[in-house]
Amino acid sequence: MAGKERKQVLLRLDPAVHAAIAKWAADDLRSVNAQIEVLLRRALDDAGRGVKAAPLRGRGRPRKDSGEDGSEHRAAEPSHDLGPAAASK
């Protein structure tokens, strides 16, 4: 991906699917959008179709003393991390 450009996509979901993803995202301190991207990246890797995409920023709110994207104090989100919700199952 060139620069900070992000592709915008309209996605229609069943309300029950959206609710499940929203709950999972909240458990992992992510937005629904970030959770969907994590799931899509993981599915691509599992299918042997992984891509060299820009790393996701860490979970949660950026620190107030950090740079614009919080990258000064956070490591990139590992693609294999399932987050706290998966650890409890």
Derived scalar couplings ³J(HN,Hα) [region 5-20; Karplus, 6.51 cos²θ - 1.76 cosθ + 1.60; whole Hz; x for Gly, Pro]: 5, 10, 6, 9, 9, 7, 10, 9, 10, 4, x, 5, 5, 4, 4, 5
Approximate spin-label separation ALA19-ALA34, in nm, with each point projected 7 Å along Cα-to-Cβ: 2.5
If you take the beta carbon distance between LYS64 and ALA43 as r and set R0 to 35 Å, what does 1/(1 + (r/R0)^6) give as a FRET efficiency, to the nearest 0.05? 0.55
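Only the coordinates and a few stated rules stand behind these numbers; no lab work does. The shown structure was predicted, so the numbers you read here are calculated from the model rather than taken from an experiment. Cβ coordinates were reconstructed from backbone atoms using ideal geometry, including for glycine residues, and neighbour counts include every protein chain displayed.
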